[in-house]
1. So which residues in the range 55-73 are more than 11 Å from I114 (Cβ to Cβ) and in a helix (DSSP H, G or I), if there are any at all?
2. For the range 118-169, name all the residues that are within 11 Å of the chain's Cα centre (by Cα) and polar (S, T, N, Q).
3. I'd like to check something: does the range 26-41 contain any residue that is in contact with a Phe, Trp or Tyr (Cβ under 8 Å, 6 or more places away or on another chain), in a loop (DSSP other than H, G, I, E, B), modelled with pLDDT of 85 or more and of a type outside the set (G, A, S)?
4. From D111, D82, grab the single residue that is outside any loop (DSSP other than H, G, I, E, B) and acidic (D, E).
5. Of all residues in the range 108-139, count the ones that are within 15 Å of F154 (Cβ to Cβ) and small (G, A, S).
6. Just give me the residues in the range 170-198 being over 15 Å from the mean Cα position of the chain (by Cα), of a type in the set (A, V, I, L, M, F, W, C) and within 24 Å of I57 (Cα to Cα), in sequence order.
7. Filter the range 121-144 for residues that are over 17 Å from H67 (Cβ atoms) and either among the β-branched types (V, I, T) or not in a strand (DSSP E or B) (or both) and give the result.
Amino acid sequence: MPKSRPEPGREHGRRGWNANAGARGRLAVASFVDQPRVTQMTADEETESEGKAGLMIRPVRAVDVPHVIALDQAITGLAKPDYWEQAFERYGRRRPSERFFLVAVPAEGKDVHILGFIIGEIRAWEFGSEPCGWVFALSVDPQARLHGIGEKLFVAISERFRQAGMAKMRTMVARDNQLHSLFFRGEGMMAGPYIQLEKDLT
């Protein structure tokens, strides 16, 4: 059995990850898990695979949005419907070759059941950075945290960036969030060449 890695599951740490949200979301606590069989769709596939048990990663659909909103609220304790509606319009509908909003769902079953989601986009020349993939939202249903879903989502969006010609992928993690640092480092991410700076304006 391959070595398992921490996976976003329940709330952990003070800060979260929806970097563009007005209110900071939080990621969920990780678990060490066995990995189920997964069906991953290529960047140009929009339909579900048929008759396969396990987990499927696919692009978000309009019908998924209320479930994404509910999942985020359950994890963060904050209702942000406007933010997620706008996120769907921006990352689920526009520029699909550069923006990726993926959801994890059971491969079988007709009812919508969002087990997790990940959002990222290709960004270029911010502060001199060459084009690369940025991941800025990742969340997993706490009740589904024993199935390696966070890793499957991470692998799926990595492949989307790779297919788009990107050689690097970036994200940000709070300094005191050791759990998620371990998760991303376990996926091969490491400290990059940039330093974040901020100033309190209050």
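1. A62, Q73, listed by residue number.
2. Within the range 118-169, S139, S158 meet the criteria.
3. For the range 26-41, residues in contact with a Phe, Trp or Tyr (Cβ under 8 Å, 6 or more places away or on another chain), in a loop (DSSP other than H, G, I, E, B), modelled with pLDDT of 85 or more and of a type outside the set (G, A, S): absent.
4. Working: D111 fails: outside any loop (DSSP other than H, G, I, E, B).
Testing whether each residue is outside any loop (DSSP other than H, G, I, E, B) and acidic (D, E) leaves just D82.
5. Residues in the range 108-139 being within 15 Å of F154 (Cβ to Cβ) and small (G, A, S): 5 in total.
6. L179, L182
7. Residues of the range 121-144 over 17 Å from H67 (Cβ atoms): 121-136.
I122, A124, W125, E126, F127, G128, S129, E130, P131, V135, listed by residue number.
One line per residue, one yes/no per condition, for (1) part of a loop (DSSP other than H, G, I, E, B); (2) more than 24 Å from D72 (Cβ to Cβ); (3) in contact (Cβ under 8 Å) with a residue 12 or more places away in the chain:
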{"site": "Q86", "(1), (2), (3)": "no, no, no"}
{"site": "V105", "(1), (2), (3)": "no, no, yes"}
{"site": "I119", "(1), (2), (3)": "no, no, yes"}
{"site": "L146", "(1), (2), (3)": "yes, no, yes"}
{"site": "M166", "(1), (2), (3)": "yes, yes, yes"}
{"site": "L182", "(1), (2), (3)": "no, no, yes"}
{"site": "G188", "(1), (2), (3)": "yes, yes, no"}
{"site": "Q196", "(1), (2), (3)": "yes, no, yes"}
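The values are calculated or read from the model by the stated rules, or taken from the named source; none is laboratory data. Since this is a predicted model, take the numbers as computed values, not measurements. Every residue, glycine among them, receives a Cβ derived from its backbone with ideal geometry; neighbour counts consider all protein chains shown.
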